[in-house]
Amino acid sequence: MIQITLPDGSKRTYEQEIMTPYEVAGDISRGLQKKTLAAKVNDQLVDLDYPIQEDASLSLITFDDEDGKEIFRHSSSHIMAQAVKNLFPGTKIAIGPAVKDGFYYDFDSEHVFTPEDLEKIEKEMNRIVKEDYGFTREELSRQEAIDLFKSLGEDYKVELIEDLPEDCTISVYRDGDFVDLCAGPHLPSTGHVKAFKLLSIAGAYWRGSSDNKMLQRIYGTSFTKKAELDAYLEMLEEAKKRDHRKLGQELELFTIMEEGPGFPFFLPKGTKLKNLLLEYWREIHEREDYIEIETPIILNKKLWETSGHWDHYRENMYTLKIDEDDFAIKPMNCPGAMMVYKNELHSYRDFPIRMAEIGRVHRHELSGALHGLMRVRAFTQDDAHIFMLPEQIKDEIKAVVLKIDEIYQQFGFTYKIEVSTRPEESMGADEDWEIAESSLKMALEELGKDFAINEGDGAFYGPKIDFQLEDCLGRTWQCGTIQLDFQLPQRFELTYAGSDNEKHRPIVIHTVAFGSIERFIGIITEHFAGAFPVWLAPVQVKILSLSDKHHQYSRDLYQRFRQAGIRVELDNRNEKIGYKIREAQLQKTPYMLIIGDKEIESESVGLRKRGEGDLGAVLAKDFEAMIRKEIAERSM
RNA sequence: GCCCAUAUAGCUCAGGCGGUAGAGUGCCACCUUGGUAAGGUGGAGGUCGGCGGUUCAAGUCCGCUUAUGGGCUCCA
């Protein structure tokens with residue numbers, strides 16, 4: 001007799017000696033049995049035919065669960081690998097996990113896969129799905145597993161097995177004539193994978209290391225229903241329309257030319273946007289008691305040796321010679337800020353000193369890493385360095401976290417926080433790193449902020465808190481960051497006079513809120529799909545006249561709004577009103593003012609609002625008051 | 001930097017087997033003076049990313065190169 005406890009706490013008892021999750025599902029309902037993909041027995045993920053031999057808790061996994069999706073996609077990747085091996089004999093398979101929204105498999109093949117191959121592979125996958133092969137699990141000893149994959153010529157699998165921990169159960173899954181090393185669980189059979197699509201081919205290093213061979217990775221996604229797949233593909237298409245590179249061109253924000261790879265040109269409207277962001281930023285930072293400085297773009301190599309950049313960051317720096325001396329274009333603003341600090345003597349009474357800089361930095365990013373405004377080789381950091389006493393660390397960090405939070409909330413962003421710890425290539429004493437890492441974590445904990453730990457991903461001079469924002473496709477980008485630094489104060493021999501009249505070493509944190517203004521513009525462009533809130537819109541109002549008779553009044557209005565500080569454009573072209581509206585609409589202009597006889601007569605404007613359409617006539621003075629209020633409040 | 005793909009008018013794209021380029025849109029001119037997402041006619045615009053090669057002849061085939069896209073690696 002077996003007693004099964006379900007997630008809702010209800011219990012079911014069975015006479016049999018052995019029950020499988022599949023049988024239990026069927027006992028609950030036929031529908032559930034059909035939907036169930038795998039199960040969790042006593043919190044362990046298992047196949048549906050897993051033999052339950054004693055009382056246990058059981059939860060049934062469907063595609064609606066994250067685990068279910070992962071199992072489904074993982075099985076999909078097996079089917080893809082099977083299809084590839086059938087079509088391209090001799091192909092070696094590496095790894096094929098489920099990822100967010102899909103799966104991939106890495107292959108080592110003489111044959112170079114083309115987009116046309118994807119269709120062939122899909123066809124073969126369809127055949128495998130139709131055959132409805134069962135996935136069967138088999139547990140092997142280490143030696144058996146190695147022998148098996150050696151005999152199949154699967155060198156990568158052999159390498160994986162050899163690296164598995166001693167006490168690990170080694171299992172393989174078979175479906176049809178295909179066998180793969182796999183912990184499982186899997187779908188009961190290939191027939192479940194009703195809807196899938198192969199999306200792209202990419203290179204990927206074996207084990208993610210650029211020292212290893214580059215394999216061919218095929219990405220795909222799969223769903224239980226065709227309609228879900230179609231909806232997903234549709235969503236991808238929609239996301240592409242929000243891509244900041246596309247919108248940046250359509251809205252004339254910026255452009256990147258062959259003459260400047262990674263060095264964006266900001267067009268008039270993009271420059272306006274950038275300046276508006278900085279205006280907002282300065283307002284916040286002045287309120288928070290920051291002072292602002294500006295340090296040189298080019299500084300002597302000696303400074304970079306002092307800062308450690310010459311040793312730790314050289315490959316990312318652009319260097320040049322001036323007369324006989326070596327110089328470097330700054331990749332970071334911190335050394336400049338250190339020099340400003342050293343320009344005068346400081347007392348503990350001065351602290352904290354919050355020193356900000358809108359600094360343009362240049363970094364040699366790998367050509368393949370460039371991506372619109374998101375990853376460039378020249379960008380503007382909204383940098384700040386805070387000099388303080390050890391006992392001020394936590395409060396300062398908390399204040400900075402709250403400041404960044406305030407700024408992100410202004411844009412309606414949700415974000416993720418990561419704490420990155422000491423990387424391999426780094427400088428400084430272990431105990432400094434420990435103190436630094438724990439102060440960051442404690443500050444976040446005291447604020448009740450959730451965060452993930454990113455082991456070994458810190459900067460070479462200290463650990464950091466990173467704020468991650470998402471783009472239109474859900475890819476995350478680091479924007480804000482708070483980095484503790486015990487190194488630079490030492491290297492630059494920063495001091496202050498303490499209450500004991502002795503010299504002491506200050507603590508420094510580096511922090512940015514936008515991170516890179518360029519990247520931030522990319523993020524907000526995608527976030528708002530180009531429809532910026534009024535306070536940020538490069539053009540807030542467009543005046544559209546109906547005909548010649550209305551030009552003079554339109555011009556008067558234009559002048560009036562301009563003088564009121566409203567960003568307004570006038571369209572007195574010889575075109576029909578529908579045409580002018582369409583164009584302003586495509587430019588995502590927040591407000592259009594239609595001007596005809598009616599409006600002139602009543603000193604009003606024919607108001608048309610983005611997203612809402614025609615709102616009828618409004619007195620010009622009322623509209624002006626309304627939009628001025630909206631701008632002043634930075635309404636979303 | 002690595003793998004794959006792509007590169008034709010300001011923009012979006014056509015150009016089976018090689019025979020010195022086409023559409024829509026935008027731009028300019030004229031007609032039209034029109035009330036909430038594209039009025040009509042005409043015109044100007046192209047070293048087909050760059051360099052080299054094959055050929056009587058290259059946008060088209062080959063090699064190299066630059067940039068872009070998707071990834072890997074790396075990072076704001």
- request: Check A:GLY474 against each of (1) in contact (Cβ under 8 Å) with a residue 60 or more places away in the chain; (2) within 8 Å of RNA strand B (Cβ to nearest atom) and name the one condition it does not meet.
  value: (2)
- prompt: Does the range A:583-594 contain at least one residue that is more than 33 Å from the chain's Cα centre (by Cα) and small (Gly, Ala, Ser)?
  reply: no
- prompt: Taking into account only those residues within the range A:450-468 that are within 9 Å of RNA strand B (Cβ to nearest atom), modelled with pLDDT of 85 or more and part of a strand (DSSP E or B), which is nearest to A:GLU424 (Cα to Cα)?
  reply: A:LYS464
statement: Note: among A:LEU267, A:LEU273, A:LEU320, A:LEU277, just one is hydrophobic (A, V, I, L, M, F, W, C), assigned by TED's automatic domain parsing to the domain that holds A:VAL400 and surrounded by fewer than 18 Cβ atoms within 10 Å (Cβ to Cβ), namely A:LEU267
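In the range A:452-461, which residue that is farther than 13 Å from A:THR481 by Cα and not polar (S, T, N, Q) is farthest from the chain's Cα centre (by Cα)?
Step one: filter the range A:452-461 for residues farther than 13 Å from A:THR481 by Cα, giving A:452-456, A:460-461.
Subset that is not polar (S, T, N, Q): A:452-453, A:455-456, A:460-461.
Values: A:ALA452: 14, A:ILE453: 16, A:GLU455: 18, A:GLY456: 19, A:PHE460: 22, A:TYR461: 24 Å.
It comes out as A:TYR461.
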- prompt: Only one of (1) over 27 Å from A:LEU247 (Cβ atoms); (2) surrounded by fewer than 16 Cβ atoms within 10 Å (Cβ to Cβ); (3) within 8 Å of RNA strand B (Cβ to nearest atom) is not met by A:ILE595, so which one is it?
  reply: (2)
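Any idea which residue in the range A:236-261 is farthest from RNA strand B (Cβ to nearest atom), counting only those that are hydrophobic (A, V, I, L, M, F, W, C) and surrounded by 13 or more Cβ atoms within 10 Å (Cβ to Cβ)? Explain how you work it out, then say what you get.
First, pick out the residues of the range A:236-261 that are hydrophobic (A, V, I, L, M, F, W, C): A:236, A:239, A:247, A:251, A:253-254, A:256-257.
So of that shortlist, the ones also surrounded by 13 or more Cβ atoms within 10 Å (Cβ to Cβ) come out as A:236, A:239, A:247, A:251, A:253-254, A:256.
Details: A:LEU236: 10, A:ALA239: 10, A:LEU247: 12, A:LEU251: 12, A:LEU253: 14, A:PHE254: 12, A:ILE256: 5 Å.
Only one residue fits best here, namely A:LEU253.
Tell me yes or no: at least one residue of the range A:326-336 is part of a helix (DSSP H, G or I), of a type outside the set (Lys, Arg), within 16 Å of RNA strand B (Cβ to nearest atom) and at negative phi. First the steps, then the outcome.
First, pick out the residues of the range A:326-336 that are part of a helix (DSSP H, G or I): A:334-336.
Retained after the next criterion (residues that are of a type outside the set (Lys, Arg)): A:334-336.
Next cut, within 16 Å of RNA strand B (Cβ to nearest atom) only: A:334-335.
So of that shortlist, the ones also at negative phi come out as A:334-335.
Scanning the range A:326-336 turns up at least one residue that is part of a helix (DSSP H, G or I), of a type outside the set (Lys, Arg), within 16 Å of RNA strand B (Cβ to nearest atom) and at negative phi.
What tally of residues in the range A:555-585 results from selecting those that are in a helix (DSSP H, G or I) and within 11 Å of RNA strand B (Cβ to nearest atom)? If you could, list the steps in order and put the result at the bottom.
In the first step, residues of the range A:555-585 are kept if they are in a helix (DSSP H, G or I); the result is A:555-563, A:577-585.
Imposing the further condition that a residue be within 11 Å of RNA strand B (Cβ to nearest atom) reduces the set to A:577-585.
Residues in the range A:555-585 being in a helix (DSSP H, G or I) and within 11 Å of RNA strand B (Cβ to nearest atom): 9 in total.
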query: Taking interchain pairs and intrachain pairs at least six residues apart, which have beta carbon atoms under 7 angstrom, with the first residue in the range A:573-599 and free of Cβ contacts under 8 Å to residues at least 40 places away in the same chain and the second more than 8 Å from RNA strand B (Cβ to nearest atom) and among the aliphatic types (A, V, I, L, M)?
result: A:ILE577/A:LEU544; A:LYS580/A:LEU544; A:ILE581/A:LEU544
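Would you confirm, using the coordinates I've provided, whether A:PHE223 is farther than 30 Å from A:GLU583 by Cβ, surrounded by 13 or more Cβ atoms within 10 Å (Cβ to Cβ) and within 12 Å of RNA strand B (Cβ to nearest atom)? Walk me through it before giving the result.
Values: farther than 30 Å from A:GLU583 by Cβ: yes; surrounded by 13 or more Cβ atoms within 10 Å (Cβ to Cβ): yes; within 12 Å of RNA strand B (Cβ to nearest atom): no.
Considered against the rule, which asks whether it is farther than 30 Å from A:GLU583 by Cβ, surrounded by 13 or more Cβ atoms within 10 Å (Cβ to Cβ) and within 12 Å of RNA strand B (Cβ to nearest atom), A:PHE223 comes out as no.
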query: If you go through the range A:186-202 one residue at a time, do you hit one that is under 30 Å from A:HIS111 (Cβ atoms), at pLDDT below 90 and among the aliphatic types (A, V, I, L, M)?
result: no
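Could you say whether any residue in the range A:413-427 is assigned to a helix (DSSP H, G or I) and buried (at least 17 other Cβ atoms within 10 Å of the Cβ)?
Among the residues of the range A:413-427, not one is assigned to a helix (DSSP H, G or I) and buried (at least 17 other Cβ atoms within 10 Å of the Cβ), which makes the answer no.
The values are calculated or read from the model by the stated rules, or taken from the named source; none is laboratory data. Computed from a predicted model, the values in this text were never measured in an experiment. In this analysis, Cβ positions are derived from the backbone assuming ideal geometry, glycine residues included, and neighbour counts consider all displayed protein chains.
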